[in-house]
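Participant: This is the structure I have questions about; it appears just below.
Bear in mind these aren't lab numbers, they're just calculated from the coordinates by the rules spelled out. From a predicted model like this one, the values you see are computed outputs, not experimental measurements. Every residue, glycine as well, gets a Cβ built from its backbone with ideal geometry; the counts of neighbours run over all protein chains shown.
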Amino acid sequence: MDYFAGGRFTYDWTSHHLKLWEELLRDKIDTATAVLEIGSFEGRSALFFLQFLPRSHITCVDTFQGSEEHVERGSQYESDMAEVERRFDQNLEPFADRVDKRRGDSVVVLPRLAAEQRLYGLIYVDGDHSAASTYTDARLGWDLLDNDGVMILDDYRWGRDRPAAKSPAAGMEAFLQQIAGEYELLHRDQQIVIRKIPIGETSIGATKSFTIAGRDIGELTGGALSPPLVSFVVINWNYGRYVGETIDSIRRQDYPHFECIVINNGSTDDSAEVIARHVDGDPRFRVETLPQNHGQLGAALWSLDKVNGGFVTFVDADDVLFDNYASMHIQVHMALQRSVGFTSANVAEMDPTGKALTASYQQLRLNRPDAQRGLRGEQTVLRLPTVSPSQYRFLDANTATIPRWQIGWLWAPGSANMFRASVLRLLRLDDGSNPRMTSADGYFNTICHAVAGSALIDMPLSGYRLHANNYFATGESVEGIRSGTRDYATKSREFTYESVKYLIEGSDRFDWLLGAEFWPVVDRVTRENADKLRDYFSNENAVGIFRRNAPQLRSVFGAKRFAKEVMARFSGAQARSILRAGFGGQIPTRHLYKSLSRDFRTFLKRKRKR
Amino acid sequence: MMAPPKVSFVIINYNYGQYVAQAISSVLSQDYSEFECVVIDNKSTDSSRDVIRQFENADDRLRIEYLDNNLNQMGGFLHVIDQLSGDVVCIVDADDFLFANFAAFHVQLHLDCGDRVAATSGGVCEVDGAGAMLTPSYAFFLHSKAGTAVRPGNIETVPRLLSQPDRELLWRQSTLIAPHEHGWHWSPGTANMYKLSFLKRARPMLNVVNSTSTDNYFMPFLSALGGSACIDIPLSAYRIHGKNRYSGIPASLDLRSTSKQSAARTAADRKAVVRTLASRARDFVSTHPHTFWTVMDATPAPDGVSRHDYFNDSVVQDILVEHFDELVAACGEAQTNSELRARMGPKSHDAFMAKVREGNARGEPDCEIRC
């Protein structure tokens with residue numbers, strides 16, 4: 001068959017491959033294969049694919065600006081690129097309804113295709129010939145390739161006389177090394193042809209099951225050891241129009257070991273019916289109904305008696321989780337250099353209809369002072385079958401453990417966080433029997449991080465829906481990340497006093513648990529910088545908390561330390577009222593003197609400044 | 001080539017009927033078959049005995065002892081130590097369980113490190129009551145700065161128990177802790193494998209050990225005597241449940257995970273090491289003539305107590321007073337005094353010596369009469 005009759009071409013770099021291609025692609029003739037071609041030039045190979053695979057569609061990516069060898073003066077491949085593009089258009093004209101031409105740089109176009117959630121059954125990589133471009137095209141293309149899909153890498157042996165960086169071979173080898181275990185080699189000569197092995201079938205590297213040091217954990221422990229149990233807690237108040245999608249997204253998780261509690265938090269809309277329909281008798285789900293709205297934090301606190309998992313995610317009822325949400329979070333929890341209170345992943349923003357607005361991935365900042373990058377070696381951790389070796393390497397490169405002394409809002413909001421249940425219980429403000437009309441992340445993220453640290457995963461694992469009701473509907477939005485209302489900011493600042501109160505009231509227990517960290521943790525949960533702490537504590541609310549608990553603080557820390565810590569945070573009459581309460585009415589002279597002389601020095605300092 | 005070493009597993013159970021079957025099964029399912037297993041039931045009052053009885057004829061390598069009294073963990077172990085025929089020993093807590101590759105990795109490291117280690121310690125997955133994983137590994141030795149990379153010795157002469165990739169993984173993930181590197185570098189309980197000869201030398205007197213747990217006593221002691229090695233690969237599971245863990249907090253979060261009371265008890269119990277060393281000073285000095293006093297210093301380090309405070313502790317001083325004559329017999333009067341003086345400070349050493357003289361006076365009434 002002459003695939004190229006009537007076409008206009010200057011070069012033929014294609015025909016001698018056709019025999020191989022026909023052989024490799026024969027089994028795809030009857031299927032509606034989606035083909036991606038990176039580097040189309042005059043459209044010769046595209047014509048082959050379109051005709052040999054009559055039900056296929058093709059996406060052609062090319063800059064139509066040419067590569068170095070096309071625009072170099074005097075190069076044997078020198079071409080007029082405008083003319084090349086015209087010829088491409090003409091040649092493919094008869095198949096226009098099956099061709100999606102994307103003019104642009106592959107590094108721009110390919111991520112866009114990923115954002116459109118496209119998958120291809122055949123990818124032909126024949127773009128720019130430098131090692132770096134070849135690698136990038138192949139790597140980005142690999143994520144667009146469907147399971148069992150075929151990738152053809154062209155010109156493996158091209159440019160052998162050129163420097164390694166300017167020919168494709170080195171890029172291809174680096175790429176193949178990186179996806180080791182995920183592909184089957186079908187052919188290697190002028191072209192390399194590989195097939196993508198579906199996760200769960202791969203033999204080398206990736207495995208079908210959960211493993212430690214390359215051994216299946218069932219076989220390693222006679223079934224005694226199981227992967228972590230994840231508890232999702234969906235908290236829904238009048239999100240009947242969204243909660244169904246949220247539940248569906250949890251049911252689709254590719255991680256098998258989870259339970260889900262759906263709390264209908266005093267809804268008055270059709271939520272109950274929607275929840276029942278979408279849970280649809282799935283035994284992993286339990287539905288709990290609260291007669292009145294407990295607020296998100298109230299419901300989260302309430303749920304802690306009900307969860308069985310070692311890891312917990314509070315899911316906002318208007319968000320959706322990506323299928324690999326639990327897999328990625330658990331893989332990170334199981335592989336960090338040191339364990340943390342919670343992990344926080346990136347979010348993709350969605351419009352109200354659930355369409356991803358991919359341009360606005362929330363950027364978590366991984367480059368922070370003292371952030372520890374990376375994961376433990378694959379062989380020394382629990383490896384999940386749903387996380388391929390290259391995904392593990394991706395996580396390794398895009399995860400950072402943030403030391404607990406970093407303050408401020410460092411995380412993605414709400415559903416993006418997976419906590420250790422033990423840490424949540426340790427910091428459980430109350431049993432949730434009373435409403436707390438505030439966000440769960442606003443309280444838990446700050447205090448869990450201050451006590452146990454956190455890790456950031458720079459990979460979007462859930463979708464955050466932007467709609468008019470974010471704030472009003474739930475009584476919570478996300479401070480620091482998205483522009484919440486001023487009202488919200490005030491409210492969330494006020495709530496930090498609850499954290500201070502909780503720690504101070506439990507000083508006996510927390511002093512032991514945290515050791516030398518107790519007072520730094522108290523300061524951290526305020527979210528204030530060091531120079532603002534005195535202002536923060538001068539609030540009557542804080543004075544009251546300390547005054548009421550002064551006798552206990554004195555007995556836990558001893559008189560000297562108690563007086564020192566009080567004076568480090570309070571001044572003047574406020575400090576003395578707390579000291580008086582701690583010393584049973586009478587401040588010992590030594591401490592009284594210290595307090596007064598401190599005030600006097602401050603007074604002098606201020607005067608001098610004036 | 002030497003014969004493959006034999007492992008003695010000792011499973012000590014008290015009222016862990018819920019978990020003990022998994023512990024026993026995990027020993028019987030080891031890849032490495034050269035072992036014996038002794039199960040000791042410390043007069044449990046729950047379903048334990050019924051559970052254990054089901055294993056009575058399960059395996060020739062298994063032996064079961066039902067005790068008439070609860071001797072605690074250390075007591076139970078000392079009860080059987082002289083019957084053990086292994087070269088290396090692992091004391092298994094009945095609520096933990098081993099992975100099938102546990103023995104092979106530990107024994108291989110003992111073989112490859114030869115006489116540079118008296119004990120090895122492996123990584124631990126913390127799990128909940130149902131066996132669901134909570135952490136990938138126990139924290140302590142991962143974060144400690146101690147230790148050096150393992151460089152295997154002459155491995156041609158030792159048996160090979162692991163595949164070459166596994167053996168290389170083992171070397172890559174292991175660190176050697178030298179005897180003088182004090183502190184706590186190891187995983188708890190079950191995760192450790194000791195050389196039996198060292199356990200026998202270090203064994204405490206049964207009447208003074210009370211509730212001491214075997215790892216708290218043996219691990220710092222054996223490492224100070226003969227060095228140790230840590231394997232940063234999870235090889236067993238450590239169960240966190242209501243009875244053994246304060247607040248249910250995994251150990252790998254850098255929070256205190258034991259209660260104040262139990263931490264104090266652990267520190268107090270470990271003073272038994274000082275008693276063992278002082279009461280058998282001549283024996284220890286014969287093998288550690290230059291490092292005997294350094295071994296003495298190993299005990300307070302895991303609890304973060306300074307040498308000075310430790311040797312001024314009244315319980316420790318009482319032990320030293322009681323065995324002062326043995327110390328002098330081993331080290332000579334001059335060295336004993338200078339070593340103690342360096343640790344206590346001159347003033348309290350003087351006070352200590354007064355106590356010694358007083359003790360001698362009280363301890364030898366016959367002399368007074370004779371004189």
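Participant: Roughly how many debye, to the nearest 20, is the charge dipole of the range A:522-585 about its Cα centre, given +1 on each Lys and Arg Cβ, -1 on each Asp and Glu Cβ, and no other charges?
Facilitator: 260 debye
Participant: Leaving out same-chain residues fewer than 8 places away, which lysines sit with a Cα under 26 Å from that of residue A:208?
Facilitator: The qualifying lysines are A:196.
Participant: Expressed as a whole number of Å, what is the distance separating the alpha-carbon centroids of the range A:568-596 and the range A:1-72?
Facilitator: So the two Cα centres are separated by 84 Å.
Participant: Also, quick follow-up: For A:11, B:14, B:194, B:238, what ranking results if the residue with the fewest other Cβ atoms within 10 Å of its Cβ goes first?
Facilitator: Starting with the residue having the fewest Cβ neighbours, the order is A:11, B:14, B:238, B:194.
Participant: In what sequence do A:161, B:115 fall when counting other Cβ within 10 Å, fewest first?
Facilitator: Starting with the residue having the fewest Cβ neighbours, the order is A:161, B:115.
Participant: Using amide H atoms built 1.01 Å from N in the peptide plane, name the residues 5+ places from residue A:262, or on other chains, whose amide H lies under 5 Å from its own.
Facilitator: Amide H neighbours of residue A:262: A:234, A:286, A:287, A:288.
Participant: Can I ask one more? So between residue A:32 and residue A:100, what do we pick up on full extension, going 0.36 nm a residue minus the alpha carbon distance?
Facilitator: 23.0 nm
Participant: Still on this model: For each pair in B:200/B:271; B:260/B:347; A:501/A:532; B:6/B:200; A:560/A:594, compute the distance between the two Cα atoms and list the pairs where it is over 22 Å.
Facilitator: Result: B:260/B:347 exceed 22 Å.
Participant: Restricting to DSSP H runs of at least four residues, report the calculated mean residue ellipticity at 222 nm for chain A, -39500 (n - 2.57) per run over all residues, nearest 500 deg cm²/dmol.
Facilitator: -12000 deg cm²/dmol
Participant: Return the inverse of the average 1/r over all pairs of distinct C-alpha atoms in the protein assembly as shown, which is the Kirkwood hydrodynamic radius, in Å to one decimal.
Facilitator: Hydrodynamic radius (Kirkwood, Cα pairs) of the protein assembly as shown is 32.8 Å.
Participant: While we're here: So how compact is the range A:230-474: Cα radius of gyration and Dmax in angstrom?
Facilitator: Reported Rg and Dmax, both Å: 17.0, 51.
Participant: On a C-alpha basis, how far is the centre of the range B:300-323 from the centre of the range A:283-313 in Å? Whole number, if you could?
Facilitator: 50 Å
Participant: What whole-number distance in Å separates the alpha-carbon centres of the range A:429-462 and the range B:66-82?
Facilitator: 47 Å
Participant: Also: Provide the gained length on full extension for the span residue A:173 to residue A:132, in nm with one decimal, where the gain is 0.36 nm per separating residue minus the Cα-Cα distance.
Facilitator: Between residue A:173 and residue A:132, full extension yields 13.6 nm more.
Participant: Further, regarding this structure: Residue-wise, which Karplus ³J(HN,Hα) couplings in Hz belong to the range A:383-390, taking 6.51 cos²θ - 1.76 cosθ + 1.60, θ = phi - 60°, and x for glycine or proline?
Facilitator: Those phi angles translate into 9, 8, x, 8, 10, 6, x, 6 Hz.
Participant: Return the long-range amide H neighbours of residue B:229 (sequence gap of 5 or more, or a different chain), with a cut-off of under 5 Å between placed amide H atoms.
Facilitator: Under 5 Å from the amide H of residue B:229 lie the amide H atoms of B:119, B:120, B:121, B:177, each far enough along the sequence or on another chain.
Participant: For residue A:216 and residue A:606, what is the calculated FRET efficiency with R₀ set at 60 Å and r taken between the beta-carbons, to the nearest 0.05?
Facilitator: 0.30
Participant: Considering only A:558, A:526, A:510, whose Cα is most displaced toward the positive end of the charge dipole of the range A:496-609, charges sitting on Cβ of Lys, Arg (+1) and Asp, Glu (-1)?
Facilitator: A:558
Participant: Using 0.36 nm per residue, how much length does the chain from residue A:287 to residue A:72 gain when fully extended, once their Cα-Cα distance is taken away?
Facilitator: Using 0.36 nm per residue and subtracting the Cα-Cα distance, I get 70.7 nm.
Participant: Quote the charge dipole size of the protein assembly as shown about the Cα centre in Debye, to the nearest 20; the model charges only the Cβ of Lys and Arg (+1) and of Asp and Glu (-1).
Facilitator: Dipole about the Cα centre, nearest 20: 5100 debye.
Participant: Can I ask one more? Tell me the mean residue ellipticity at 222 nm calculated for chain B from its helices only (DSSP H runs of n ≥ 4, each -39500 (n - 2.57), averaged over every residue, nearest 500).
Facilitator: Only helices count here, giving -12000 deg cm²/dmol.
Participant: For each of B:2, B:353, count neighbouring Cβ atoms within 10 Å of the residue's Cβ, then give the residues from fewest to most.
Facilitator: B:2, B:353
Participant: Name the residues of the range A:257-291 whose amide N is less than 14 Å from a point 7 angstrom out from the Cα of residue A:241 along the C-beta direction?
Facilitator: Only A:269-271 pass the distance filter.
Participant: Now, a different point. Using only C-alpha positions, report the orientation-averaged shadow area of the convex hull of chain B, nm², one decimal.
Facilitator: About 20.5 nm², averaged over all directions.
Participant: Within 10 Å of each Cβ in A:419-427, how many Cβ atoms from other chains are there, averaged over the peptide?
Facilitator: 4
Participant: Here's something else I'd like to know. Take every residue in peptide B:229-235, count the Cβ atoms of other chains within 10 Å of its Cβ, and give the average of those counts.
Facilitator: Partner-chain Cβ atoms within 10 Å, mean over residues of B:229-235: 3.
Participant: Would you mind checking the range B:13-37 for residues with the amide N under 16 Å from a putative spin-label position 7 Å along Cα→C-beta of residue B:3?
Facilitator: B:33-36
Participant: Can you list the aspartates and glutamates whose alpha carbon is less than 18 Å from that of residue A:607, not counting same-chain residues fewer than 8 positions off?
Facilitator: Counting by Cα, and skipping residues close in sequence, residue A:607 has these aspartates and glutamates nearby: A:599.
Participant: While we're looking at this one, here's another question. Using the beta-carbon distance between residue A:82 and residue A:599 and R0 = 56 Å, what value does 1/(1 + (r/R0)^6) give for FRET efficiency, to the nearest 0.05?
Facilitator: So, using R0 = 56 Å, E works out to roughly 0.10.
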